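The values are calculated or read from the model by the stated rules, or taken from the named source; none is laboratory data. None of the values given here were measured: they were computed from a predicted structure. Heads up: the accessible areas ignore ligands, DNA and RNA and are worked out on the full protein's heavy atoms, side chains in. Shrake-Rupley method; radii C 1.70, N 1.55, O 1.52, S 1.80 Å.
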Amino acid sequence: MKNVTITLPEDVARRLRVKAAEDDRSVSRWIAELLERMRCREDEYELVMRRALSIEPRRIKWPDGRKPTREQL
């Protein structure tokens, strides 16, 4: 573990202490878990994005080989 010091406005620090206490955690643990969740979401997003971008586009086969007109759409 690595210790990090942050500076917060008093009202933000007060609210953070309340949220941590409501979850029965220390402020340090509450922030660590928040950052870990954020990292996991970013990792999941990147994985899904890579998967989506790796899918080959498919051509649409139009009936009779003709695209519908704007009015038909």
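Points worth noting:
- Hits in region 14-25 - residues which are more than 24 Å from the chain's Cα centre (by Cα) and open to solvent by less than 100 Å² (accessible area, probe 1.4 Å): Val18, Ala21
- Any hit, region 57-64, residues being in a loop (DSSP other than H, G, I, E, B), β-branched (Val, Ile, Thr) and open to solvent by 100 Å² or more (accessible area, probe 1.4 Å): yes
- Count of region 44-56 residues which are among the acidic types (Asp, Glu) and open to solvent by less than 80 Å² (accessible area, probe 1.4 Å): 0
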